[in-house]
1. Can you give me the Cα centroid spacing of region 234-294 and region 350-375 in angstrom?
2. Calculated from DSSP H runs of 4 or more alone, at -39500 (n - 2.57) each and per residue, what is the 222 nm mean residue ellipticity of the chain, nearest 500?
3. How far is it, in nm, from the label point at Ser251 to the one at Ile74 when both lie 7 Å from their Cα along the line to the Cβ?
4. On the first, second and third principal axes, largest extent first, how far apart are the outermost C-alpha atoms of region 94-233 in Å?
5. Sort out for me the Cα centre separation of region 152-175 from region 98-119, rounded to whole Å.
6. Counting only complete DSSP H runs, which helices of the chain cover 24 Å or more along their long axis at the Cα atoms and score a mean Kyte-Doolittle of -1.0 or above?
7. Which shape class, rounded, prolate or oblate, goes with region 1-40 when its Cα gyration tensor gives a ≥ b ≥ c as root eigenvalues, a/c under 1.5 marks rounded, and past that a/b bigger than b/c marks prolate?
8. Label points 7 Å out from Cα along the Cβ direction at Asn179 and Cys365: separation in nm?
Amino acid sequence: MKLLVVAPDFPYPPNHGGRVDTWVRLRVLAQLGHTVDLLVTSKIMPNESEVSMVKNVVRNVWLLERHNRPWHLISTKPLQAVSRSSLAAVRLSEQYDVTWLEGEYVEPVLNNPTLKSRRIFMRLHNDEYAYFRQLSSSTRNPLKWLYYKTEAQKFRGFSRRLYQKTDKLFFISIDELNNFTNQDPDLKAKSVLLPAPLSKNRFDPPRLGQYVLFVGSLFMPNNQEAILWYLQQVHPHITHRSYRLIIAGNSRGESLSWLHKAVTTHRNVQIFDSPPDLDPLYAKSCIFINPMRLGAGVKLKTLEAIQNGLALVSTTKGAEGTGLEAGRHFLLADEPRDFASAIEKLLDDKAAQIKLITQGQQFLCENYDHKSILERELVLQNGAVLDKPRIPPPL
């Protein structure tokens, strides 16, 4: 089977949620024996080694620049789609069994006169209307606020019209799937839950290091809001003698002055800007925090933490759409003092850490079989099969 995957961002390195989701799926499809071509836009062009890594997985890569123009702002379509209008002009010579759209941003490819595809499938990473509406609540910049509010309103109608053009809709979030099918029962038959792919074919044993860890895209306003809320409202209440915090993530070259200013008075905080490898940070940590209070979709950082062997403390927003059960798979805390107490409780109780981790990993193993759903929906009959993630025995 031949697939054309159309992505809004270059998927390698997989250093934030959307890239992880796309990159692991590309690898799964290749290992299952598919012929996969990749058509992708990028604001920052990848280097040769990054392109080479992707070409090890796919047959062909078309890499297009994403262009933002002032007049795009007055379009009735979202800027995220209009800025990728080059997708409508690239020449495609083959016929595909499936064109797989990685979200609404790549909608212009459907206007490409050379696109020949038997079916159109789309991955829904977020409820884009809700996502941009909540981004507007996370910024104090009036221009960004106006942009996010306008983009949200444009997506409200744009997304629904686009859904009508697809043959299958693959939701990453169980909550968003349920909300969508309740609102649009006519589209229920073609709506499928495709949980986020796990980034590795194994689960790491419980990590019992010394650090509390946060990993997230440091250029995103909702992550920035979460970090500042935690540093200002939660961090000062943690008095445990062994408590130390690591904040890490991709900054995309943007200034982290806001973060360095926020930690000026804290000696027990380390910052890692765009680390090339997160494994060493996971290895020396024991607890992962997700203090997000705004956003949409599934927070892949939450799933990554459990897979990497860390006990999780999260807000409701940080765990939404995952199916994880509070108290069994993670500790839930929406109030600052509750969040601080949960961290201190786990720092004092290694057995509680291990129990949360092993139960969370078991849940992911049983409910996040990304490969099998792709097999079924794409009618894959042959090809290599990925092993289910292996769960290490309890310590």
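1. A separation of 25 Å, based on Cα centres.
2. Taking each H run of at least 4 residues, the total per residue is -10500 deg cm²/dmol.
3. 3.7 nm
4. Projected onto the principal axes, the Cα atoms of region 94-233 cover 53, 45, 33 Å.
5. Region 152-175 and region 98-119 have Cα centres separated by 14 Å.
6. Helices meeting the criterion: 350-367.
7. Oblate.
8. 3.2 nm
The values are calculated or read from the model by the stated rules, or taken from the named source; none is laboratory data. Just so we're clear, the structure is a prediction, and the values are computed from it rather than from any experiment. Positions of Cβ are generated from backbone atoms using ideal geometry, with glycine treated the same way; all protein chains shown enter the neighbour counts. Protein only, heavy atoms only, side chains kept; ligands, DNA and RNA dropped before computing areas. Shrake-Rupley method; radii C 1.70, N 1.55, O 1.52, S 1.80 Å.
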